[in-house]
Structure formats: C-alpha cells, structure tokens
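Derivation of every value follows stated rules applied to the coordinates shown; laboratory data play no part. Just so we're clear, the structure is a prediction, and the values are computed from it rather than from any experiment. We place every Cβ from the backbone using ideal geometry, glycine too, and count neighbours over all the protein chains shown.
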Amino acid sequence: MSSETGGVTIIQKTGFGNNDRKEDSLKEDSTLDAVCDTELIDVQKKMELRIKALEGLVNNTRVIAFLRSPKADAPVEFISRGIESFGYKADDFTSGKVTFKDLIHPDDFDRVHLELTENALEGANDFRQVYRIISKKGHERIVEDRTAIMRDENRRIIYYQGVLEDITDKQ
C-alpha cells in the first residue's frame, strides 16, 4: 500500500499475498515497515525554501540570472523575471520559444559564440562578455554577461550559469 503525502510517497509493506491471512502475517512479523525518512523530507523542504529564496532575491534585482544547457537548441532551464525589461517573459525561454541565440544581436552572435567556445575548450571556469541584444520590440541594448561554466566530475560542461546586466546607459 502506498500513499502520497506532500510530494513524498509513503509505502507500507504488509506482506500479504493472495492466499495469506492477516493473522498469519501478523504472527510472522508484527510490525509494518514504513519507508519514510523524515530527515530526507526536512532536507528536501530546506532545499525548496532555499531555491525559492534565491529566486525571490534574483527576481527583485535588475540583473537577469540564467541557467542553460550547453546544447545550443535546448530551452533555458531558468531565467529570472528581469528578462521582462527586454519585453520577454521567462516562459518564452524556458519553453524554447525564444533561445539565447535569438536574443543576441546577429552582428555580435559569431563573436559571442566563438568566445564562449574558446573559454569552454580552454577549461575556463568563468568569463565575461559585452554584447548587444535585441529586445522583443527590436531595440538594441548592451549587456554585460558574466558566465560560470559548470562541469561534471569528468570536466564535461553540464550548464552555463550567469547574469546579464543592461549597461546601455553606462556606455
């Protein structure tokens, strides 16, 4: 028997087979095994709270935080609500409707992509770029992109995480 409780599945092992009687089973094992690790639940809740706190913090700043796959055509895993300042919704990116390539000015894309590739191949852990983006309404903005390269234990790239800051008015 199993039940769902707050996102955690609790499984109770009764030991009854098709022909087993309840009394026989209770004589063999008078305890019911419940698979429920309250310490694990606490850790999961703490992690969820931390994620929500970080998202709230980032969503209330002028920077745009992102987490994206190294695969060019993959949707963005996370992008903060700051992207709305450029006329886009976060869901435009997480759904794959809009990609990072779509955001970068076409005249800057090859340079930006080359710098990203070189940094990744050279083993860099992070790097900084300045380039133009195109807002949803077609306006050019200049951003500073600070990206960290997340790698697995074999040094393969698993994510790019970083922040974009609109520096148009600082130029």
Inset, instruction - Could you pull out the pairs from 46/97; 71/136; 45/101; 45/89; 45/97; 46/101 whose alpha carbons sit more than 26 Å apart here? - result: 46/97; 45/101; 45/89; 45/97; 46/101
Inset, instruction - Can you check what the net charge comes to around residue 83, using other residues whose Cβ is under 9 Å from the Cβ of residue 83 (Lys, Arg +1; Asp, Glu -1)? - result: 0
Legend entry - Neighbourhood charge, 13 Å Cβ-Cβ cut-off, centred on residue 105 and excluding it, Lys, Arg +1 and Asp, Glu -1: -2
Legend entry - Neighbourhood net charge (13 Å Cβ-Cβ; Lys/Arg +1, Asp/Glu -1) for residue 125: +2
Inset, instruction - Place the peptides 160-169, 113-122 in order of packing, highest mean first, counting for every residue the other Cβ atoms within 10 Å and averaging per peptide. - result: 160-169, 113-122
